[in-house]
1. Among the numbered criteria (1) buried (at least 21 other Cβ atoms within 10 Å of the Cβ); (2) assigned to a loop (DSSP other than H, G, I, E, B); (3) hydrophobic (A, V, I, L, M, F, W, C), which single criterion is violated by Ala133?
2. Just checking, which of Leu42, Leu90 is under 23 Å from Asn149 (Cβ atoms) and either crowded, with 17+ Cβ neighbours inside 10 Å or modelled with pLDDT of 90 or more (or both)?
3. Here are Glu23, Glu80, Glu17, Glu59: which of them is within 29 Å of Tyr233 (Cα to Cα), surrounded by fewer than 19 Cβ atoms within 10 Å (Cβ to Cβ) and not polar (S, T, N, Q)?
4. Among all residue pairs at least 6 apart or on different chains, which show Cβ distances below 6 Å where the first residue, located in region 130-154, is within 21 Å of Ile101 (Cα to Cα) and the second is of a type in the set (Asp, Glu)?
5. Which number in (1) touching a residue at least 60 places away in the same chain (Cβ under 8 Å); (2) in a helix (DSSP H, G or I) marks the one condition that Ala28 misses?
6. Return the residues of region 109-121 that are out of contact with any Asp or Glu (no Cβ under 9 Å at 6 or more places or on another chain) and of a type outside the set (A, V, I, L, M, F, W, C); say none if nothing qualifies.
7. Under the condition of being more than 20 Å from the chain's Cα centre (by Cα) and in contact (Cβ under 8 Å) with a residue 60 or more places away in the chain, which residue from region 8-25 is farthest from Leu157 (Cα to Cα)?
8. Which number in (1) of a type outside the set (Phe, Trp, Tyr); (2) free of Cβ contacts under 8 Å to residues at least 40 places away in the same chain; (3) farther than 30 Å from Ser216 by Cβ; (4) surrounded by 12 or more Cβ atoms within 10 Å (Cβ to Cβ) marks the one condition that Arg33 misses?
Amino acid sequence: MGCNNLSEDDVVKEIRERVIAWERSNWAPYPWRVNRTPYKVLIAELLLKRTTRQAVAREYPKFIERFPDFNAIYNATLEEVVEAFRHLGLYKQRAVQLKRIAKIIIEKYNGEVPDKWEELVSLPGIGVYLAGAVLSFGFGKKAPVLDSNVIRLLSRLTGIKTKRNQDYLRLLWKLVPDKDHDLFNYGMIDLGALVCHYKKPRCESCPLKDLCVYYSNKSIKNNKNRDCLINIYKKLIKE
């Protein structure tokens, strides 16, 4: 697909449709991706920090059984929460953070996970990634989910290098669709983790390759296509 015939809206539409279609074909039914609730999504994402999906898949069901809601965490001792994290590493750090979050949610929000972006990012250790995940996956509300895999994917796709995550977040807000935003967000995460790998990206397997600046850079013949894509992405990433 030649870039010269595409508008900014066309590129956004293509990215949305391709990512969602790819995710439908590559969906992995991890336990935290089915029967989702805001609480379960928040717990899963905390467990997934610096931990493999395989390890979390083993421990997540046991954690949810032991602590089915924030009341259970709030009423448990720190030692009990630490023990539940024992097989995942960083157990003391995770347990302390979760106890702090539980205290705020029980005492300030009556035990309910807040459903507003500003309130979520104000919780201890809950940044833009977790806030977006809880909103999109837990509440079913449109929101961007920006983790390191998505940042790498967007950086290569757009050819834009920036240390400000806000730039990528602003772009992602424009890319996330109203419908199937959860599939789109899962797709971006999975594409970044499984295809746009940080060491050896599998460009030939990527559904976005002809819209990707990184892929265009591999061929001198694609210089015009690359420059056209860069101009489109620069416009999209602006305020």
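1. It is condition (2) that Ala133 fails.
2. Working: Leu90 fails: either crowded, with 17+ Cβ neighbours inside 10 Å or modelled with pLDDT of 90 or more (or both).
When all the criteria are applied, what remains is Leu42.
3. Values: Glu23 fails: surrounded by fewer than 19 Cβ atoms within 10 Å (Cβ to Cβ); Glu80 fails: within 29 Å of Tyr233 (Cα to Cα); Glu59 fails: within 29 Å of Tyr233 (Cα to Cα).
Exactly one of Glu23, Glu80, Glu17, Glu59 is within 29 Å of Tyr233 (Cα to Cα), surrounded by fewer than 19 Cβ atoms within 10 Å (Cβ to Cβ) and not polar (S, T, N, Q), namely Glu17.
4. Hits for this filter: Leu130/Glu45; Ala133/Glu45; Ser136/Asp182; Phe137/Asp182; Phe139/Asp115.
5. Looking at each condition in turn, Ala28 falls short on (2).
6. Asn110, Glu112, Pro114, Asp115, Lys116, Glu118, Glu119
7. Kept after step one, since they are more than 20 Å from the chain's Cα centre (by Cα), are these residues of region 8-25: 8-11.
When the remaining residues are screened for being in contact (Cβ under 8 Å) with a residue 60 or more places away in the chain, the result is 8, 11.
On the way: Glu8: 14, Val11: 11 Å.
So the residue we want is Glu8.
8. Condition not satisfied by Arg33: (2).
The values are calculated or read from the model by the stated rules, or taken from the named source; none is laboratory data. What you are looking at is a predicted structure, and each value in this text was computed from that prediction instead of being measured. All Cβ positions, glycine included, derive from the backbone under ideal geometry; neighbour counts span all protein chains shown.
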